[in-house]
Amino acid sequence: MPRPELQAPPDIFYNEAEARKYTTSSRIIEIQARISQRALELLALPNDGVPRLLLDIGCGSGLSGETLSENGHHWIGYDISPSMLDVAMEREVDGDLLLADMGQGLGLRPGVVDGAISISAVQWLCYADKSSHEPRMRLKAFFGSLYRCLARGARAVLQLYAENMDQSEMIMTYAMRAGFAGGIVVDWPHSSKARKAYLVLTCGPPSAQTSLPKGKGEDGEMCSEDEESDDENQTVGIYERNRPRKKLKINKNGKGRGWVFKKKEQMRKKGYNVPPDTKYTARKRKAHF
Amino acid sequence: MRLLTHNMLASNVKGVTNGFPLRLEAEKWAEKEVELNADFLRHMFSKIEWKALAGAARAVGYGELPDEADASMLDSEDFLRRFHHALLEIHVEEGALVCPESGRRFPINKGIPNMLLHEDEI
Ligand SMILES: C[S@@+](CC[C@H](N)C(=O)[O-])C[C@H]1O[C@@H](n2cnc3c(N)ncnc32)[C@H](O)[C@@H]1O
């Protein structure tokens with residue numbers, strides 16, 4: 001099965017049938033709750049028991065937002081799929097819901113939000129679903145508006161399934177350009193099944209607060225049986241996972257022909273004018289004097 | 001949508017420089033009781049645009065908010081109760097949000113504002 005992101009735009013992919021299937025799967029419910037709990041932990045809100053105003057971006061049917069409510073917080077959920085939002089309404093979630101496209105910006109007053117989470121959604125911005133879609137512009141609009149609406153020092157934690165390193169780099173680049181500090185926390189990096197990547201972003205100048213927490217299982221500790229096993233065949237939004245970094249590392253003798261072909265193909269897909277592949281492609285040039 | 005969210009939302013339409021507050025046209029709303037949390041209200045107070053809240057509250061028939069408010073009023077239990085009710089207990093179900101500058105209407109259906117922009121508004 002190809003990734004959902006490659007099958008159809010999100011508002012089409014998450015139609016009524018899919019929205020229901022998604023929200024009635026006990027496995028998905030559990031996985032999303034666990035990821036949301038971890039995202040909330042990474043938000044590192046002050047431990048004073050005061051409820052906060054949070055965003056849930058790509059809130060879907062409210063599985064992620066429910067974790068926020070259970071922890072006493074108020075939230076505003078954004079989603080582009082009317083069917084997912086219908087299910088959320090039916091389930092009487094406590095957050096407020098908006099039918100909106102995060103790639104158009106969030107449309108909030110500056111500095112009012114105490115934190116934002118996004119669970120398994122932001123990778124959708126990397127795909128051009130309409131001829132008018134320019135992923136880079138959409139990432140720029142999204143991160144720019146996210147940065148502006150957060151209070152200084154507030155965090156955004158985005159768990160996402162990038163298709164490859166290029167995507168995660170592109171996403172990270174636009175987050176940094178918007179002014180965020182932060183990085184990626186990877187939980188269970190050694191498990192192909194349980195591996196989860198969280199972009200942890202802080203608004204405002206770098207401080208002690210900005211330092212990243214460690215990912216779970218980073219030092220080789222393995223995750224518990226259940227955390228590993230119930231991710232099997234998961235359809236939460238990813239079918240191919242990030243390859244471990246190692247495989248993409250370049251070898252010492254330069255990047256190789258395969259890499260060049262891949263790169264050229266990517267550039268072609270993006271619409272650049274790229275010379276055809278020939279037997280000369282990526283050959284070493286003779287030294288000229 | 002509760003008035004809490006209305007108070008945060010601003011129109012995002014291309015070319016609009018001041019998209020706040022969106023005018024609330026409420027046709028149908030419901031009230032739902034929630035537990036009052038004074039800490040949350042105190043935390044939120046500085047972020048709230050009071051005039052917009054009082055105006056939106058009037059649009060749903062709640063005229064019990066003062067026209068102006070300052071932080072000293074947070075000591076009054078009566079004030080907190082009114083603030084709480086306006087902010088969190090009124091749900092707008094049908095109606096529209098209207099951009100103060102461009103006049104663009106964002107419809108609210110089944111409690112959900114449709115904030116999707118058309119291509120020429122981005
Ligand atoms: C895998 S679901 C996750 C839903 C929810 N966060 C959860 O944990 O159950 C991804 C959601 O992202 C939403 N989404 C995708 N692209 C979006 C966009 N551009 N703006 C807003 N939501 C989007 C989809 O409609 C879908 O509901």
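Between residue A:24 and residue A:270, how high is the FRET efficiency from 1/(1 + (r/R0)^6) when r is the Cβ-Cβ distance and R₀ = 45 Å? Nearest 0.05.
Values: r = 38 Å, r/R0 = 0.85.
Result of the calculation: an efficiency of 0.75.
Quote the Stokes-Einstein diffusion coefficient, in whole µm² s⁻¹, for the protein assembly as shown, based on the Kirkwood radius over alpha carbon pairs, a temperature of 25 °C and a viscosity of 0.890 mPa s. Walk me through the numbers before you get to the answer.
Details: Rh = 22.9 Å.
Value of D from the Cα-based Kirkwood radius: 107 µm²/s.
Rounded to two decimals, what ratio of Rg to Rh does segment B:3-115 give with C-alpha atoms and a Kirkwood Rh?
On the way: Rg = 14.1 Å, Rh = 14.5 Å.
Looking at segment B:3-115, the ratio lands at 0.97.
Quick one: Cα centre-to-centre distance for segment B:102-122 and segment A:173-203, in angstrom?
Comparing the Cα centres of segment B:102-122 and segment A:173-203, I get a distance of 32 Å.
When a footprinting reagent is the concern and you count Cβ atoms within 10 Å, what order do A:259, B:29 take, fewest first? Don't skip to the answer; put the middle values down first.
Numbers: A:259 14, B:29 21.
Listing A:259, B:29 from fewest to most nearby Cβ atoms yields A:259, B:29.
Spin-label point model (7 Å from Cα, Cβ direction): what's the residue B:51 to residue A:177 distance in nm?
Simple spin-label model gives 3.7 nm for this pair.
So what is the 222 nm mean residue ellipticity for chain B from helices alone, if each DSSP H run of at least 4 adds -39500 (n - 2.57) and you divide by all residues, rounding to the nearest 500 deg cm²/dmol? Display every interim value, and only then the final one.
Values: 4 runs with 32 residues, N = 122.
Taken over chain B, the calculation gives -7000 deg cm²/dmol.
Taking beta carbons within 10 Å but only from partner chains, what does the mean come to for residues B:4-15? All intermediate terms of the calculation are to be shown ahead of the outcome.
Working: counts 4, 10, 1, 2, 11, 9, 7, 1, 8, 2, 1, 0.
Average per residue, whole number: 5.
Could you tell me how many degrees, from 0 to 90 and to the nearest 10, lie between the Cα long axis of helix B:50-59 and the main elongation axis, the longest principal axis, of the Cα atoms of chain B?
80 degrees
Take every DSSP beta bridge whose two residues both sit in the protein assembly as shown, then give the antiparallel share in percent to the nearest 5. Don't jump to the answer; show the numbers that get you there.
Details: 28 of 47 bridges.
Once the DSSP bridges in the protein assembly as shown are tallied, antiparallel ones form about 60 percent.
In whole Hz, with x marking every Gly and Pro, tabulate ³J(HN,Hα) for segment A:146-151 from phi via Karplus 6.51 cos²θ - 1.76 cosθ + 1.60, θ = phi - 60°.
So the J values, rounded to whole Hz, are 5, 4, 5, 7, 7, 5.
Take peptides A:63-76, A:2-15 and line them up by average Cβ neighbours within 10 Å, highest first, as a rough protection proxy. Don't skip to the end; give the middle numbers.
Details: A:63-76: 22.7, A:2-15: 16.1.
By packing density, highest mean first, the sequence is A:63-76, A:2-15.
Report, as an integer, the average count of C-beta atoms from other chains found within 10 Å of each Cβ along A:98-110. Provide the component values of the computation, followed by the final result.
On the way: counts 10, 9, 9, 4, 0, 1, 9, 4, 5, 13, 6, 10, 2.
Whole-number average of other-chain Cβ neighbours for A:98-110 is 6.
What average number of partner chain Cβ atoms lie no more than 10 Å from the Cβ of the residues making up B:98-105? List each step's numbers first, then the result.
On the way: counts 0, 0, 0, 0, 0, 0, 0, 0.
Other-chain Cβ atoms within 10 Å of each residue's Cβ, averaged: 0.
Of the peptides A:54-60, B:75-81, how do they stack up when ordered by the mean number of other Cβ atoms within 10 Å, highest first? Don't skip to the end; give the middle numbers.
Numbers: A:54-60: 26.6, B:75-81: 12.7.
Taking the mean over residues of other Cβ atoms within 10 Å, the ranking is A:54-60, B:75-81.
Can you tell me the relative contact order of segment A:4-233? Whole percent, Cα pairs under 8 Å, sequence separation 6 or more.
Working: 434 pairs, mean separation 40.2, N = 230.
Once divided by the residue count of segment A:4-233, the mean separation gives 17 percent.
Around residue B:89, with a cut-off of 9 angstrom between Cβ atoms, what is the net charge of the other residues, counting Lys and Arg +1 and Asp and Glu -1? Don't skip to the end; give the middle numbers.
Values: positive: B:2, B:32; negative: B:31, B:33.
Every neighbour counted, the sum reads 0.
For labels at residue A:212 and residue A:133 in the simple 7 Å Cα→Cβ model, what's the distance in nm?
About 2.7 nm, to one decimal.
Which of the peptides B:38-47, B:52-61 is most tightly packed, and how do the rest follow, going by the mean number of other Cβ atoms within 10 Å of each residue?
Details: B:38-47: 16.0, B:52-61: 18.9.
Ranked by mean Cβ neighbours within 10 Å, highest first: B:52-61, B:38-47.
Tell me the relative contact order for chain B as a rounded percent, counting alpha carbon contacts under 8 Å between residues six or more apart. Numbers along the way, then the final one.
On the way: 190 pairs, mean separation 46.7, N = 122.
Relative contact order of chain B: 38 percent.
Using 7 Å Cα-to-Cβ label points, what is the residue B:121/residue A:44 separation (nm, one decimal)?
Distance between label points: 3.8 nm.
Taking 0.36 nm per residue of separation and subtracting the Cα-Cα distance, what length does fully extending residue B:14 through residue B:39 add? Don't jump to the answer; show the numbers that get you there.
Details: separation 25, 0.36 × 25 = 9.00 nm, distance 3.70 nm.
Gain on extension, residue B:14 to residue B:39, equals 5.3 nm.
Once you list every other residue whose beta carbon is under 10 Å from the beta carbon of residue B:105, what net charge do they have if Lys and Arg are +1 and Asp and Glu are -1?
Values: positive: B:23, B:104; negative: B:25.
Residues near residue B:105 contribute +1 overall.
Each reported figure results from applying straightforward, stated rules to the coordinates on display, with no laboratory input. All of these numbers come straight from a predicted model, not from anything done at the bench. Every residue, glycine as well, gets a Cβ built from its backbone with ideal geometry; the counts of neighbours run over all protein chains shown.
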